[in-house]
Amino acid sequence: YTILSKVHSDRNVYPSAGVLFVHVLEREYFKGEFPPYPKPGEVSNDPITFNTNLMGYPDRPGWLRYIQRTPYSDGVLYGSPTVENVGKPTIIEITAYNRRTFETARHNLIINIMSAEDFPLPYQAEFFIRNMNVEEMLASEVLGDFLGAVKNVWQPERLNAINITSALDRGGRVPLPINDMKEGVYVMVGADVPFSSCLREVENPQNQLRCSQEMEPVITCDKKFRTQFHIDWCKISLVDNTKQVSTFQEVIRGEGILPDGGEYKPPSDTLKSRDYYSDFLITLAVPSAIALVLFLILAYIMCCRREGVEKRNMQTPDIQLVHHSAIQKSTKELRDMSKNREIAWPLSTLPVFHPVTGEIVPPLHTDSYDNTSMPLMQTQQNLPHQTQIPQQQSAGQY
């Protein structure tokens, strides 16, 4: 009942509704689509990834999942088709990317879903396997071993694998990368006979109490799975569709329930031209006009409403104006006097005779020099053409 197929160009497959469908995307097949570029004698092991989508849409159908753990492993398409898709061919576009050469290759997978005669099976059980990842469980050998163990415990006439779901899709956490920990897998199987007494042991009050205390329940048939599969019996789910009563209630339309609007009708591709003149006026012209009015008001206040010097003098007492005028007049006179004052030049600045040549040495500064900042005495070391006078000899020497 499980359909396992490999990739071929424009391949047609015929899965059954309600039965697990698995399709393997083999890297070895797609390697032939890309030219070999490695050096002579080397084996090409390019990283290849796959992208799958429904033709004309960006994603896959809701019932179809895809997984590829690393670029060096095969990709797997898996899922359980529904009855609504029976008779409708589903075209899946498979695009392979060579991560070394950045080349692509595209193939189409045509899925023709068939109706199953014994679908749906009335008795369904979902097991949680803790020591498996989803891609490991999808392998035909591992899945066949699990179905064989379930068949020995259940003893049904027909047994189908209905669906496989990763624990991460059910809200599980990514396991730590230690001790080869796995993420866990939910496997749902269906049969045509009631559940065996071994599977019913989970519903015992003692086992329910142990599960509430986070202890493993005591299951007699657990040893038939324990050699290869570690099953969490507290998470097993048993569904008997023969006893389920339909809980569907007709929806009474009233306040709070929107009426059925029919199918979505997108707007037409040809859109009418739009006039943006009014938008321009609102966005630019109106704020510019307001700013101009505010600028004119401010200019009138700053320039046309000034009181002036005359009005200030009229409001100032006469005695204060006289004092102010006298201070200004005195300050001006002092400045004029400081410019016109004449004082005698310091002796160090007068003309002197050179002691050797008899030449008259001009003064250090010209007449136009500001004598107010001139020091009274100049140091001898700063004088030009200075000749050092020999010191007086002692009395005992010639």
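Quick notes
- The listed peptides 292-302, 65-75, ordered by packing as a protection proxy, come out as 65-75, 292-302 (highest mean of other Cβ atoms within 10 Å first).
- Within straight-line cross-link reach of LYS311, lysines at Cα separation under 26 Å, skipping those fewer than 8 residues along the same chain: LYS329, LYS332
- Close amide H partners of SER16, meaning residues 5 or more places away or on another chain with modelled amide H under 5 Å apart, are MET114.
- To put it simply, the accessible area of segment 123-240 at a 1.4 Å probe is 49 percent carbon and sulfur.
- Alpha carbon convex hull of segment 11-113, projected area averaged over orientations, nm²: 6.8
- Å² per residue, accessible surface of segment 123-240 at 1.4 Å: 51
- Taking segment 11-113 and dividing mean pair separation by its residue count, relative contact order in percent (alpha carbons under 8 Å, at least six apart): 39
- Mean separation of Cα contacts under 8 Å (6+ apart) over length of segment 123-240, as relative contact order %: 42
- Think of a 1.4 Å ball rolled over the protein heavy atoms: segment 11-113 then has 50 Å² of accessible area per residue.
- The residue list VAL76, SER140, THR101 was ranked by how far each Cα lies along the charge dipole of segment 44-198 toward its positive end, using unit charges on Cβ atoms, and THR101 comes out on top.
- Shape box of segment 100-212 [Cα atoms, principal axes, largest first, Å]: 61, 44, 24
- Relative contact order (percent, whole number), segment 37-195, Cα cutoff 8 Å, 6+ residue spacing: 21
- Annotation note: GluC sites (Glu not before Pro) in segment 133-165 located in DSSP loop regions with a Cβ neighbour count of at most 13 within 10 Å are GLU157.
- Sorted on the mean count of surrounding Cβ atoms within 10 Å across their residues, most packed first, peptides 186-198, 213-225, 312-324, 269-281 read 186-198, 213-225, 312-324, 269-281.
- Exceeding the 18 Å Cα-Cα cut-off - candidates LYS151/LYS223; LYS31/LYS182; LYS182/LYS224: LYS31/LYS182; LYS182/LYS224
The values are calculated or read from the model by the stated rules, or taken from the named source; none is laboratory data. The shown structure was predicted, so the numbers you read here are calculated from the model rather than taken from an experiment. Positions of Cβ are backbone-derived with ideal geometry, glycine not excepted, and every protein chain shown enters the neighbour counts. Ligands, DNA and RNA are stripped out before the accessible areas are found, and what is left, the full protein with its side chains, is counted by its heavy atoms. Shrake-Rupley method; radii C 1.70, N 1.55, O 1.52, S 1.80 Å.
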